[in-house]
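First comes the structure, then the notes that go with it.
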Amino acid sequence: MSDVERLVGRAEALISRLEALLPLPAAAPDWTAAVAFRWRKSNGRGFLHPIRQLHKIRLADLRDVDPQKRRIEDNTRQFVAGRSANNVLLTGARGTGKSSLVKALLNQYAKKGLRLIEVDKADLIDLPDIVDLVAGRPERFVVFCDDLSFEAGEPGYKALKSVLDGSVAAVPDNVLIYATSNRRHLMPEYHDENLETKHVDGEIHPGEATEEKISLSERFGLWLSFYPFDQDAYVDIVNHWLKTFGVPADRVDEARPAALQWALLRGSRSGRVAWQFARDWAGRLTAK
């Protein structure tokens, strides 16, 4: 055997060993095991883990967000029916029902083929692999990113931007991205960036840093904004959950002072705080 042949043999052996160390392509899960999946990783390999215990929240449980609920339900209904629909960005005050709305949509439309894949921000770089995994499936997939925000230079930012609308490859028709965030443009905005703004012939031109941040959020075709609840809306939500948890109708009104005190101590009149109070009140009432 010549020196060249020995060198080629050693190179092939080395390549084989390196290939064994590389993560294998994600395997398709049992699609009948669940209607929701979570993208997880083990030893560098990503896979879809079925979520068998779903949150039981219904669209009817989400109060005082009717305009937002109507728009995202219309968009989802179009998507499930095979018609064109938009990626959705839900932004605004914490605890106002952004992520609960996505969960309720899954419960409403799962029987019609809607499926949900939850992806953490750190795993957004795997979005192309996830998209390839579901391409061609008959189901309609919403890739869900909850509480999304980026700092400068994070790798998931570029991956999400590319999948939304920035790659040569088209995203399959059976995939949409729904994301929630407390930041309208998904990235921190600094006062110094306003100094880059220029005035040209009476027109305002934002600086490059601002344009870059806006360029991600504007790739979502549908923006939904959520706002803090006033006192009446908060009490309405409390009353709804008290009835849902089985509190007798004639005992609901007496919870109002305690509900307001609960919100004051928490520093928030959000839907989440209302739900937490109702769970506590109903539990203590049952124990008596």
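The values are calculated or read from the model by the stated rules, or taken from the named source; none is laboratory data. What you are looking at is a predicted structure, and each value in this text was computed from that prediction instead of being measured. Remember, those area values only see protein heavy atoms, side chains included, never the ligands or the DNA or RNA. Shrake-Rupley method; radii C 1.70, N 1.55, O 1.52, S 1.80 Å.
At 1.4 Å probe size, with the rest of the protein present, what percent of the exposed accessible area of segment 224-287 is carbon and sulfur atoms?
Details: 1860 of 3570 Å².
Within segment 224-287, the accessible surface is 52 percent carbon and sulfur.
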Requested in this report: List, in the order given, every pair from LYS41/LYS161; LYS112/LYS243; LYS56/LYS158; LYS69/LYS111; LYS56/LYS112; LYS56/LYS98 whose Cα-Cα distance in the structure shown is over 25 Å.
Outcome: LYS112/LYS243; LYS56/LYS158
Report summary line: Of the accessible area of segment 43-113, computed with a 1.4 Å probe and all protein chains kept, carbon and sulfur make up a percent value of 43 percent
